[in-house]
Amino acid sequence: MRSKIVAGNWKMNKTLAETNVLLSELTGKLPDTTAEVMVAPTFVNLAAAVQDVSASSIQVIAQNMHFAENGAYTGEISADMLLDIGVDTVIIGHSERRAYFGETDAILAKKVVAALAKNLRVVFCFGEELEDRKTDNHFKLVAEQLKNGLFQLDASAWSKIVLAYEPVWAIGTGETASPEQAQEMHAFIRKTIANQYNTEIADSVSILYGGSVKPANAKEIFSKEDVDGGLIGGAALNADDFIAIISAI
Ligand code: 13P
């Protein structure tokens, strides 16, 4: 059985004080759930966040990492640094990293390999732009992102991979993919993995949907067979909204 997961990507939001407040609210109100709950604060607050959730089942994860083990990479963070403060999961390939920071499929593939080499779990993000969907290129593009980012991996590595399909046109726009569009793409992703590897891997990988998930639409999106949870941006910054989304799963 694959895990259900609700993950909050806080992006470049929340000071240390705000991080403490939000995590205190979340740990206080966390519903009883079998789903994994993750939050990804900014790097500078990760260590404090790990302390804040130490008595709860919430996992603190990172938004990014560098592929090198260490060295002259000013401003970057390594896998060992994350592990050292108790963070063992990292988001790689978010569309904002791809679009604003020039992270190509080739760079992302290196990051995935580097993370797995340190036994980190990877939440790998991908998804099409509006233009791709309008021109009916979205399946092809998603297949390419999967191939370029992940299909170099051995089958055994897939137990450490979580996928997050985030159509760029739905991120932060208030426009969400319909539950049917999400299901259609998630089923396609699973089929693509089955073709490359096998159905056992395809059926066991959790595939999250991301893009304007809110309390009002979470339940319907999560009800779809191949949607195993969500990667939540804006709505993860408010305790009541994030709790409502966790309850929806
Ligand atoms: P929003 O939920 O704000 O659309 O962001 C989604 C996202 O990018 C999560 O990584």
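All of the numbers you see were taken from the coordinates with simple rules; none came from a lab. These figures come from a predicted structure and were not determined experimentally. Glycine gets a Cβ as well: all are built from the backbone with ideal geometry, and neighbour counts include every protein chain shown.
For this structure, a couple of remarks:
- Charging the Cβ of each Asp and Glu at -1 and of each Lys and Arg at +1, and nothing else, the dipole of the range 120-187 about its Cα centre rounds to 340 debye.
- Backbone amide hydrogens, once placed in the peptide plane, bring CYS125 within less than 5 Å of ILE92, GLY93, HIS94, ALA164, excluding anything fewer than 5 places away on its chain.
- Sparse-neighbour loop sites [chymotrypsin sites (Phe, Trp or Tyr not before Pro); the range 84-130; at most 12 other C-beta within 10 Å; DSSP]: PHE101
- Computed from backbone phi with θ = phi - 60° and the Karplus coefficients 6.51, -1.76 and 1.60, the 3J(HN,Hα) list for the range 64-80 is 5, 7, 8, 7, 7, 5, 5, x, 7, 10, 3, x, 9, 10, 9, 4, 4 Hz; x is used for glycine and proline.
- A Cβ-based charge dipole, computed about the Cα centre of the range 150-249 with Lys and Arg at +1 and Asp and Glu at -1, lands at about 100 debye.
- Sites ASP240 and GLN196 - FRET efficiency at Förster radius 30 Å, r taken between beta-carbons, to 0.05: 0.15
- Separation between Cα centres of the range 29-76 and the range 121-186, rounded to whole Å: 22
- Scattering curve values for the chain, log₁₀ I(q)/I(0), Debye with Cα scatterers, q = 0.09, 0.12, 0.15 Å⁻¹: -0.35, -0.64, -1.04
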